[in-house]
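A.B. asks: I'd like to ask some things about the structure below.
The values are calculated or read from the model by the stated rules, or taken from the named source; none is laboratory data. Predicted model, so just to flag it, every value in this text is computed and none were measured. Ideal geometry is used to build each Cβ from the backbone, glycine not excepted, and the neighbour counts take in all protein chains shown.
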Amino acid sequence: MLLASVFSCDDDNYDFPAETFKGTIIDAATKEPFQTAIGNTGVRFKMMEYSWSDNPTPYYMYCMMDGTFNNTKIFKGRYGVKPEGAFVPLEEEIFEIEGSVEKQYQVEPFLRVEWVGDPVLNANGTASVQVKITRGTADPAYQQALIEAWLFVSETQYVGDFSYSTNYSTKLTGANLPTLGQTSTITTGWPGGIGTGSQRAFPDYARKYFLRVGARINKQVNSTNVYNYTTIKEITTK
């Protein structure tokens, strides 16, 4: 039994991951933080550890909504790193991760989605916003048609295609899609699409909601629909 215990201690004597990989993703043209989702529909980093193999199994880490990332539990080693998301693909970059490594990635988004002014509360218990959607890249390989847009509404600040109200959000497709390059007005309360069912008003008491507009072209990334986003705005209903 003593011998078994000794071998067990030897086998477990290894360093835990303690290196840091952090940084930001920004829009190459505006230099503003790249707005994204959380999880599989947002930005993920494909991590290839080449320290022990020329053909490693990839693993993935994910970005936060504001384009920042910070992983403090990485094994020291030589990595191939490639961010993937709703932007023109970047080439894999190979570098050592030891201690704390900070990177900034400049990307060309498929679309640039920007607020025009602030949300307006309407007398019928809804809210309206104005946005402008433009191309984020001149690369024709990533200029597919705008296929879907949403005014996402959530009761928390984590708002996007990954978390939204199925009562108060609004889906835009077909003839209701915004025209690229023009200011468009979107009103809450059409989760099934404008004109589908009845428009839903907010409850008639004060409550905070978080709004964000997302739009996507007819192109998937890693077989997944991905959106480009505005920043987040907050309203309080009355």
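A.B. asks: Only one of Tyr158, Tyr164, Tyr142, Tyr205 is buried (at least 19 other Cβ atoms within 10 Å of the Cβ) and in contact (Cβ under 8 Å) with a residue 24 or more places away in the chain; which?
C.D. replies: Numbers: Tyr158 fails: buried (at least 19 other Cβ atoms within 10 Å of the Cβ); Tyr164 fails: in contact (Cβ under 8 Å) with a residue 24 or more places away in the chain; Tyr205 fails: buried (at least 19 other Cβ atoms within 10 Å of the Cβ).
Selected residue: Tyr142, the only one of Tyr158, Tyr164, Tyr142, Tyr205 that is buried (at least 19 other Cβ atoms within 10 Å of the Cβ) and in contact (Cβ under 8 Å) with a residue 24 or more places away in the chain.
Results for (1) β-branched (Val, Ile, Thr); (2) assigned by TED's automatic domain parsing to the domain that holds Arg135; (3) farther than 21 Å from Phe16 by Cβ; (4) free of Cβ contacts under 8 Å to residues at least 24 places away in the same chain, shown as yes or no for each residue.
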position: Thr68; (1), (2), (3), (4): yes, no, yes, no
position: Lys76; (1), (2), (3), (4): no, no, no, no
position: Tyr79; (1), (2), (3), (4): no, no, no, no
position: Gly85; (1), (2), (3), (4): no, no, yes, no
position: Val88; (1), (2), (3), (4): yes, no, yes, no
position: Glu96; (1), (2), (3), (4): no, no, no, yes
position: Gly99; (1), (2), (3), (4): no, no, no, no
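A.B. asks: Taking Ala206 as meeting all but one of (1) over 26 Å from Asp66 (Cα atoms); (2) touching a Pro at 6+ places or on another chain (Cβ under 7 Å), write down the number of the exception.
C.D. replies: Among (1) over 26 Å from Asp66 (Cα atoms); (2) touching a Pro at 6+ places or on another chain (Cβ under 7 Å), Ala206 violates only (2).
A.B. asks: Only one of (1) of a type outside the set (S, T, N, Q); (2) at positive phi; (3) surrounded by fewer than 16 Cβ atoms within 10 Å (Cβ to Cβ) is not met by Lys73, so which one is it?
C.D. replies: (2)
A.B. asks: Take Ile194 and tell me if it is crowded, with 18+ Cβ neighbours inside 10 Å and not assigned by TED's automatic domain parsing to the domain that holds Val88. Please lay out each step first, then the result.
C.D. replies: Details: crowded, with 18+ Cβ neighbours inside 10 Å: no; not assigned by TED's automatic domain parsing to the domain that holds Val88: yes.
Taking the combined requirement at face value, the residue does not satisfy it.
A.B. asks: Right, another one. Output the qualifying pairs, or none if there are none: Cβ atoms under 7 angstrom, residues six or more apart or on different chains, first residue in the range 219-236 and surrounded by 21 or more Cβ atoms within 10 Å (Cβ to Cβ) and part of a loop (DSSP other than H, G, I, E, B), second residue modelled with pLDDT of 95 or more and of a type in the set (D, E, K, R).
C.D. replies: Listed by first residue and then by second, the contacts come to Val226/Arg216; Tyr227/Asp161; Tyr227/Arg216; Thr230/Glu114; Thr230/Arg212.
A.B. asks: Report yes if some residue within the range 194-212 is among the hydrophobic types (A, V, I, L, M, F, W, C) and within 23 Å of Gly39 (Cβ to Cβ); otherwise report no.
C.D. replies: Restricting attention to the range 194-212, the residues satisfying the condition of being among the hydrophobic types (A, V, I, L, M, F, W, C) are 194, 201-202, 206, 210-211.
Filter once more, so that each one left must be within 23 Å of Gly39 (Cβ to Cβ): 210-211.
The answer is yes, given that some residue of the range 194-212 is among the hydrophobic types (A, V, I, L, M, F, W, C) and within 23 Å of Gly39 (Cβ to Cβ).
A.B. asks: Working only within the range 212-238, note down all residues that are in contact with a Ser or Thr (Cβ under 8 Å, 6 or more places away or on another chain) and closer than 12 Å to Pro119 by Cβ.
C.D. replies: Selection gives Arg212, Val213.
A.B. asks: Another question about this same structure. List pairs: first residue in the range 32-44 and at positive phi and in the same structural domain as Met65 (by TED's automatic domain parsing), second residue surrounded by 24 or more Cβ atoms within 10 Å (Cβ to Cβ) and assigned to a loop (DSSP other than H, G, I, E, B) anywhere in the structure, Cβ distance under 6 angstrom, at least six positions apart or on different chains.
C.D. replies: Hits for this filter: zero, empty list.
A.B. asks: Let me ask you something else. Only one of Val88, Val107 is surrounded by 13 or more Cβ atoms within 10 Å (Cβ to Cβ) and in contact with a helix residue (DSSP H, G or I) (Cβ under 6 Å, 6 or more places away or on another chain); which? Before the answer, list the steps.
C.D. replies: On the way: Val107 fails: in contact with a helix residue (DSSP H, G or I) (Cβ under 6 Å, 6 or more places away or on another chain).
From the options Val88, Val107, the qualifying one is Val88.
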